[in-house]
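Remarks on the structure that follows.
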Amino acid sequence: MKILIIEDEQQLLETMVEYLENEGYLCEAVESLNDAEMKVDLYNYDCVIVDITLPDGSGLDVIRELKDSKPGTGIIIVSAKNSLDDKIHGLDLGADDYMTKPFHLSELNARIKSLIRRKNFDGTNNIIFNEIEIEPENRQVTVCNKTVVLTKKELDLLMYFISNKERVVTREAIAEHLWGDNMDLADNFDFVYTHIKNLRKKLMNKGSEDYIQTIYGIGYKFSAK
């Protein structure tokens, strides 16, 4: 899952990035409103963690932009301000959650997981697509009750496909989601094909139907049809 962290306290920002990357997230980080607005304009994220008070403006402006252009993005406000007005304002704009500094990183992680489950997987702890079942907390996958051993990238790819089922996703979007924002500068996306080929093979070897459809010239679609 891909996260953007908008935070101007450098030590806290570095700590959050290190902790969340150790938890398996792909993190991008910025320290200013200007950089944040550029990121959310160009790229997609599962969750954006935004501080309200930034050196060049208010993080509330990022929330407004996200709700206008990418309303499906999860948003968690983190702020030193413990004002009820700030909390209400942020939530009214469309933020999904609010945390007051200081906070425990484990609690932040729990709230991110809960938010992503609500946004992408109808709030369920386990993700089920026909004969495929994923336990995100344990990073375990079964097909027809048989364990499938996937790499981290293969599991992230499978969850990305299921969260976007029945939609065509481009190779560029897959690369960006799995490897970060700079992947849009790559010369080719052969590595995406390799990961998809390996994922398809592992799932089908355990009895899964082939749900990954190639949309020639565009990308892929994960579909039961």
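The numbers here are math on the coordinates, done by the rules we state, and not lab data. No experiment lies behind these values; they were computed from the predicted model shown. A quick note on method: Cβ atoms are made from the backbone with ideal geometry, for glycine too, and the neighbour counts reach across all protein chains shown.
For T142 and Y193, the FRET efficiency from 1/(1 + (r/R0)^6), where r spans their Cβ atoms and R0 equals 30 Å, is about 0.75. This model, with +1 at the C-beta of Lys and Arg and -1 at the C-beta of Asp and Glu, gives segment 2-121 a dipole about its Cα centre of some 660 debye.
Computed about its Cα centre, the charge dipole of segment 1-56 is approximately 220 debye, with only Lys, Arg, Asp and Glu carrying charge at their Cβ.
When the C-alpha to C-alpha distance is required to be over 32 Å, the pairs from K70/K206; K87/K165; K67/K165; K101/K202; K87/K221; K2/K81 that qualify are K70/K206; K87/K165; K101/K202; K87/K221. Over the chain, Cα pairs under 8 Å with separation of 6+ residues give a relative contact order of 15 percent.
Segment D92..A80, full-extension length gain: 2.5 nm, with 0.36 nm per residue of separation and the alpha-carbon distance subtracted. Dividing the convex hull volume of the alpha carbon atoms of segment 2-121 by its residue count gives 91 Å³ per residue.
From least to most packed, judged by other beta carbons within 10 angstrom and beginning with the fewest, H104, H195 follow the order H104, H195. Put in order of Cβ neighbour count within 10 Å, fewest first, the listed residues E133, E166, E18 become E166, E18, E133.
Here D210 and E18 are evaluated by their C-beta separation; at R0 = 35 Å the FRET efficiency comes out at 0.35. The smallest convex shape that holds all Cα atoms of the chain, its convex hull, gives 123 Å³ per residue.
Could you compute the FRET efficiency for T170 and M38, with r as their C-beta to C-beta distance and R0 at 25 Å, rounded to 0.05?
After rounding to 0.05, the efficiency reads 0.75.
Kirkwood hydrodynamic radius, segment 127-222, all distinct C-alpha pairs: what's the number in Å? By the Kirkwood definition, the hydrodynamic radius is 13.7 Å.
When both bridge partners sit in the chain, DSSP labels roughly 50% of those beta bridges antiparallel. The ellipsoid that matches the Cα gyration tensor of segment 1-70 has semi-axes, each √(5λ) in whole angstrom, of 19, 15, 8, with the longest given first.
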